[in-house]
There are 2 protein chains.
Amino acid sequence: MNDQSAIPLSAPIAHIIETHAQRLHAADGQVLARAGQDCQGFMVVVTGCIRVFARSSAGREIDMYRIHPGETCVLTTSCLMAGEGFPAEAIAEEDTELWVLPVVQFRSLMDQSDVFRHFVFSSYGSRLTRLLQLVQSVAFDTIEQRINEFLLGECRHGLVISMSHQQIADALGSAREVISRQLKTLEKKGVVALARGQVVILDYHALVAAHKKSKNAV
Amino acid sequence: MNDQSAIPLSAPIAHIIETHAQRLHAADGQVLARAGQDCQGFMVVVTGCIRVFARSSAGREIDMYRIHPGETCVLTTSCLMAGEGFPAEAIAEEDTELWVLPVVQFRSLMDQSDVFRHFVFSSYGSRLTRLLQLVQSVAFDTIEQRINEFLLGECRHGLVISMSHQQIADALGSAREVISRQLKTLEKKGVVALARGQVVILDYHALVAAHKKSKNAV
């Protein structure tokens, strides 16, 4: 155990995880799970980020969620509990440190530790609600609304979003051509500037206004 | 407890539920939960069927899942565990009998009963996987594919599907006009016949073939 890299969790949970789990390192871009694979154990991200997504038979992708430090993977937990294969794909988006709790220890802790069980449950609820919001967004919102929402979400960290049109398409489960067309419309309106692998937000307030307007139009 | 209407569950689970839960009756069409409401307890359907769906601000709907006899509602369970409001809506689709286990008993059983906990867990896994499949279907499949798949799913019970175009639209999160257009195309091809509130499957094998063809085209 290394104090400098403790998980951002409550002390009792961190103690349980660090006592029973194995520490793993995943390099940026490393595939951690493929569709149908057995899950190796319950996992908690310490540093870095894991992207969980689904892929269509034609190779299109859609982001399900990201796992940040202190968070677990609801689909992994679900597979461990139901004894099924992983129904999506997972990839490290940056150099990532994680704890992996082998299946046997996971099951025994679920039976024996109230603290651990409540930690697993609380991660479940909010993630399920967000998956439901994703279903609604994909079903009800136009691609214009979804791109506006995505750009607003991404630009919380700065006004330059370093992603290609293909990466944005993969995040939203859309085709690159559709995303490019919509981004060019925003560029013509002076809301964004497009450069290779970058979307620069030029007019944040116009983006917020466009987002509100398109939401109300549904 | 009435032996004639026992839940289709394993004996130990049925015993736990029937000892601690309250029996409720919901009439066909009765709203059981609205978005944002607190959940009253963990529930198990005995007879009948409950439809869980989401609604957009414009009133469009999309089916999340149905709860059949012996099944529980994963979103209710999730809300109980996380202490959050119900994120969707639920309605009885026919006269429905259900057991409702009050929150306090639910929490105490989750802490104390291995059998009950494993029952709750196993319901979780498969439902989560199906929610994920729904995200993928909505994101990646064309409406043609989704209607073909829906009709094939519904006609397992017979070749006459007693649903209006609006009901099919609500199930798929689409607009009625879109569904009507697609059904008319299928009618022109002699695959279905359309009557008021009914879709009659005239050529099941052609529907299977169209479904396979549209799936491969993605």
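Only residues that are closer than 25 Å to A:I13 by Cβ, charged (D, E, K, R) and either free of Cβ contacts under 8 Å to residues at least 40 places away in the same chain or at the interface with chain B (Cβ under 8 Å from one of its Cβ atoms) (or both): list them for region A:53-83, please. A:R66, the sole residue that qualifies. Against the test of being in contact with a strand residue (DSSP E or B) (Cβ under 8 Å, 6 or more places away or on another chain), crowded, with 19+ Cβ neighbours inside 10 Å and at pLDDT below 85, the options B:L9, B:L32 yield a single qualifying residue, B:L9.
Based on this model, can you work out whether A:V160 counts as among the β-branched types (V, I, T), modelled with pLDDT under 95 and more than 30 Å from B:S174 (Cβ to Cβ)? Criteria met by A:V160. Being at pLDDT 90 or above, at negative phi and of a type in the set (S, T, Y), is that true of even one residue in region B:140-153? Among the residues of region B:140-153, not one is at pLDDT 90 or above, at negative phi and of a type in the set (S, T, Y), which makes the answer no. Where strands (runs of 3 or more DSSP E) fall wholly inside region B:89-202, the ranges with 1 or more residues that are not assigned by TED's automatic domain parsing to the domain that holds B:A54 are B:192-195, B:198-201. From the list A:G173, A:G158, A:G83, the lone residue that is on the phi > 0 side of the Ramachandran plot and within 17 Å of the chain's Cα centre (by Cα) is A:G173.
Within the option set A:A210, A:A175, being within 23 Å of A:L131 (Cα to Cα) and either buried (at least 19 other Cβ atoms within 10 Å of the Cβ) or within 14 Å of chain B (Cβ to nearest Cβ) (or both) holds for one residue only, A:A175. Checked against the criterion of being more than 11 Å from every other protein chain (Cβ to nearest Cβ) and surrounded by 19 or more Cβ atoms within 10 Å (Cβ to Cβ), region B:108-118 contains one or more residues that satisfy it. For region A:119-130, filtering for residues that are surrounded by 20 or more Cβ atoms within 10 Å (Cβ to Cβ) and basic (K, R) leaves 1. Say whether the condition of being more than 14 Å from chain B (Cβ to nearest Cβ) and either out of contact with any Cys (no Cβ under 7 Å at 6 or more places or on another chain) or of a type in the set (K, R) (or both) is met by at least one residue in region A:121-140. Scanning region A:121-140, I find no residue that is more than 14 Å from chain B (Cβ to nearest Cβ) and either out of contact with any Cys (no Cβ under 7 Å at 6 or more places or on another chain) or of a type in the set (K, R) (or both), so the answer is no. Considering only region B:191-212, I want to know if a residue exists there that is charged (D, E, K, R) and at pLDDT below 90. Yes, the conditions are met somewhere in region B:191-212.
The values are calculated or read from the model by the stated rules, or taken from the named source; none is laboratory data. Computed from a predicted model, the values in this text were never measured in an experiment. Please note: Cβ atoms are built from the backbone with ideal geometry, for glycine as well, and neighbour counts cover all protein chains shown.
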